[in-house]
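Encoded as structure tokens, the structure appears first; notes follow it.
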Amino acid sequence: MQIFTYTPPSIPWLDIRYKDRDIIVINKPSGLLSNPGRAANTFDCAINRLLQRYPEAILVHRLDCATSGIMVFALNKKAESNIKTQFQNRMSKKTYIAEVAGDLVETEGVIELAMKADPQRPPLQKISPEGKPSKTYFKVLERRENSTLVELKPVTGRTHQLRLHMLAMGHPILGDEFYGDDKVIAASDRLCLHAMSLSITHPYSGKAMTFNSAHPFSS
């Protein structure tokens, strides 16, 4: 089992990017859990920070602790149901930016692999024909000396999907303590994966909305 040491960042405490009567959008920092785990020391998390200011806030999706970027929360039950349905029916659109190890030869393409939980190494996942299908579109944005900046657009939302898809291509995400080797882990003080944009339909107005957060992986 992976050893998880939790030291959530205190700055910024809450980076709120948008709020109305139905939804609230934040830019989650790397190192902050989306929701609490079983251990008492995991109480400090995105949803609990929001609840201190907005007691009506409801978690509708998650980002990995090490992943930064855009998250949307509901502020009432109708909005919660509507947004969850959008995620479940793949109506929402997500774009991530990752910095991966090495020179990714292909300029763009799609990764389709079946994934399942690895019972020998929780919470890790693994590629398996017995798993659930997963699909990610990728596009190279910038080739660097020892790494590549990549745009990732997941169609499915499997646990660790983007990490595992990049690993399967031979280009693990820098700073990935779950799937990277010592060199990959040492290459960055955080997982170089950022949820740059999220597009949804507003649960009340029906208006298409896109929320953005610039990635922090400047060369």
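The values are calculated or read from the model by the stated rules, or taken from the named source; none is laboratory data. Bear in mind that the values here come from a model prediction, so they are computed numbers and not experimental data. Methodologically, a virtual Cβ is constructed for each residue, glycine included, from the backbone with ideal geometry; neighbour enumeration extends over all protein chains shown. The area values use the complete protein model at the heavy-atom level, side chains included, leaving out ligands, DNA and RNA. Shrake-Rupley method; radii C 1.70, N 1.55, O 1.52, S 1.80 Å.
Please identify, among Glu56, Glu142, Glu106, the residue showing maximal mean-square fluctuation in a Gaussian network model of the chain using a 10 angstrom Cα cutoff. So, out of Glu56, Glu142, Glu106, the one fluctuating most is Glu106.
Among the listed values [x] 25, 20, 17; [y] 30, 20, 16; [z] 28, 20, 18, the one computed from these coordinates for semi-axes √(5λ) of the Cα gyration tensor in Å is [z]. Fully extending the segment from Arg21 to Met91 would add 23.0 nm, taking 0.36 nm per residue of separation and subtracting the current Cα-Cα distance. Applying both filters, DSSP loop and at most 12 other Cβ atoms within 10 Å, to the trypsin sites (Lys or Arg not before Pro) of segment 1-87 gives Arg21, Arg38. Taking all protein chains into account, the per residue accessible area for segment 90-219 stands at 53 Å² (1.4 Å probe). Of all the options Ser134, Ser188, Ser197, the one that moves most in a Gaussian network model of the chain with Cα springs shorter than 10 angstrom is Ser188. Placing a pseudo-label 7 Å from each Cα along the Cα-to-Cβ vector at Lys207 and Ile127 gives an inter-label distance of 4.4 nm. Partner lysines whose Cα lies under 20 Å from the Cα of Lys183, excluding those fewer than 8 positions away in the same chain, are not found. Here's the list of lysines a cross-link from Lys28 could span, going by alpha-carbon distance under 20 Å and ignoring same-chain residues fewer than 8 apart: Lys19, Lys84, Lys93, Lys94, Lys153.
The charge dipole of segment 57-172, taken about its Cα centre with unit charges on the Cβ atoms of Lys, Arg (+1), Asp and Glu (-1) only, comes to about 640 debye. Each of Ser199, Pro8, Leu141 was scored by the projection of its Cα onto the charge dipole of the chain, and the greatest displacement toward the positive side belongs to Ser199; charges sit on the C-beta of Lys, Arg, Asp and Glu. What a 1.4 Å probe finds exposed on the chain is 51% carbon and sulfur by accessible area, rounded to a whole percent. Placing +1 on the Cβ of every Lys and Arg and -1 on the Cβ of every Asp and Glu, with nothing else charged, gives segment 19-71 a dipole about its Cα centre of roughly 60 debye.
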